[in-house]
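Working notes, structure below.
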Amino acid sequence: MNTDTRAVAARALAQVALSGHSLREALALALPTLTDARERAFASTLVHAGARGWLRWNAALLLLLHKPLPRRLGDLQALLVLGLAQLEDLGVPAHAAVAASVEGAAALGHGAQRGLVNALLRRWLRERDALLPQLDANAEARTRLPGWLLDALARDWPDALDAIVAAGNREAPPMLRVNLRRVHRADYLARLAEAGIGAHAHPWIETAIVLERSLEVGRLPDWGAGACAVQDGAAQLAALLLDAPPGARVLDACAAPGGKTCHILERGAVALTALDVDARRLPRVRENLDRLGLACDLRAADALQPTAWWDGQPYARILLDAPCSASGVLRRQPDVRLHRRASDLPALLARQRALLDALWPLLAPGGVLLYATCSILRAENAVQIAGFLDAHADAQAQPITLPAGRGDGAGWQLLPGEDALDGMFYARIGKRGSG
């Protein structure tokens, strides 16, 4: 077992920032190497902060070094980024952040570079007042967003740009969804209080609880018995807006990892089919269903090819949680800003439209298709739905009004941080006719 927390975090961050691994994947491999729960939690905080601040603090390294470190020192580069993030973002005392980073270099096998780590971090502390304006002169370093995404957000939300940037660069508050089949929210809040876990109810989402700080799920009361799940409040709105009546046939077309699937089932007895095109993601959906005491028809299938799996009986409700840029969840998935490219958008837009077109014939007259993305790019949301409505004479937008966000075209857009929620878009599309 590796016991140096910063070395473990640096290796994971290097995998994310320099080798294209997802943050979730990198942490799943890294955290079990630490035996102490507090160190695992701190390592997770470090990697999230490092990914969130990479575009800023890696640019700061270039100011300090004048040329990039060689590729073979990628984990040392990540360690230095983490050192700066600790000093500037996490409030770690300077002496502790510098000393621990120096020791982390030795734990990484770069003992010869301990002096370099010490010198660079101490130089930052001496010269930060002069270096910060240089960093802020670069838009990517200032906002911690890639240029293409910053430009897109400026076009789509010019009046809210500063708030979007600020929200995306803050740590997301951990949220729970209470399983109302097992426990009332007020009772579960009391159990949390008894366990010494700070929490409060979300003001208008009936199943949502906001935790004061992150913790391992095993510490949550009755976690194994299915009392709750981890899910942002914005995502919890999907089941509410889908509003599946008892006994209805329901399709969740892109189900993994299963949070929305489970919430639909928690709200009432429905005949639900849950699909995901990637069979490797289904075990996690099954684990969530089993822990929460729920059941559905779970299949590895491509929603674009309904002839391969559909029985010909229409659905009263269809949830399309479409693949998207994930631009609304940067605070929760900070690696998205490092991995997503502008060149990814055309394929995403094409797949979203293809899924809408493929699923529409499966909806019964009088039924509702709920289109959802965790994006705040209008091309994926309001513009996408406008094009679909123009092409389908039997499709009609149904109004959505929520206490936060705003109407955008035929749907409703939440921006990151509004009422502590992630950025999400929803559109309810009804099929004309009697059902």
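The values are calculated or read from the model by the stated rules, or taken from the named source; none is laboratory data. Owing to the predicted nature of the structure, the values given are computational and were not obtained by experimental measurement. As a convention, Cβ positions derive from the backbone with ideal geometry for all residues, glycine included, and neighbour counts pool all protein chains shown. These area figures cover heavy atoms from the full protein model, side chains too; ligands, DNA and RNA do not enter into them. Shrake-Rupley method; radii C 1.70, N 1.55, O 1.52, S 1.80 Å.
At a glance:
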item	result
Label assignment, Rg/Rh (Cα atoms, Kirkwood Rh) derived from the structure, set (i) 0.97; (ii) 0.99; (iii) 1.06	(ii)
Length gained when the stretch D344-E287 is fully extended (0.36 nm per residue, less Cα-Cα span)	17.4 nm
Fraction of accessible area attributable to carbon and sulfur, the range 199-275 (%, probe 1.4 Å)	55
Carbon and sulfur %, accessible surface of the range 295-351 computed with the full protein complex present, 1.4 Å	52
GNM result for the chain, Cα springs below 10 Å: residue of D36, D129, D243 fluctuating most strongly	D129
Efficiency of FRET from Cβ geometry, A393 and T35, R₀ 56 Å, rounded to 0.05	0.35
Cα-based shape type of the range 273-363, given that a ≥ b ≥ c are square roots of the gyration tensor eigenvalues and the cut on a/c is 1.5	oblate
Under Karplus coefficients 6.51, -1.76 and 1.60, residue-wise ³J(HN,Hα) of the range 102-107 in Hz, glycine/proline x	4, 5, x, 4, 5, 5
Within the chain, longest stretch free of exposed GluC sites (Glu not before Pro) [DSSP loop, at most 16 other beta carbons within 10 Å]	217-435
Most mobile listed residue (S325, S343, S214) in the chain, GNM with C-alpha springs under 10 Å	S343
Nearest 10 degrees, 0 to 90: helix 37-65 Cα axis against the chain principal axis	70
For the range 290-295, Karplus couplings with θ = phi - 60° (6.51, -1.76, 1.60), whole Hz, Gly/Pro x	5, 5, 8, x, 10, 8
Relative contact order computed over the chain (Cα-Cα under 8 Å; 6+ residues apart), in percent	12
Those residues of the range 257-283 whose amide nitrogen sits under 18 Å from the label point placed on R191, 7 Å along Cα→Cβ	263, 266-267
Per residue, in Å², the accessible surface of the chain once ligands and nucleic acids are set aside, probe 1.4 Å	42
Angle in degrees between helix 114-136 and the longest Cα principal axis of the chain, rounded to the nearest 10	60
Gyration tensor verdict on the range 328-435 (Cα atoms; rounded if a/c is under 1.5, prolate if a/b is larger than b/c, oblate otherwise)	oblate
Whether the range 42-128 is rounded, prolate or oblate, judged on the alpha carbon gyration tensor where a/c under 1.5 counts as rounded	rounded
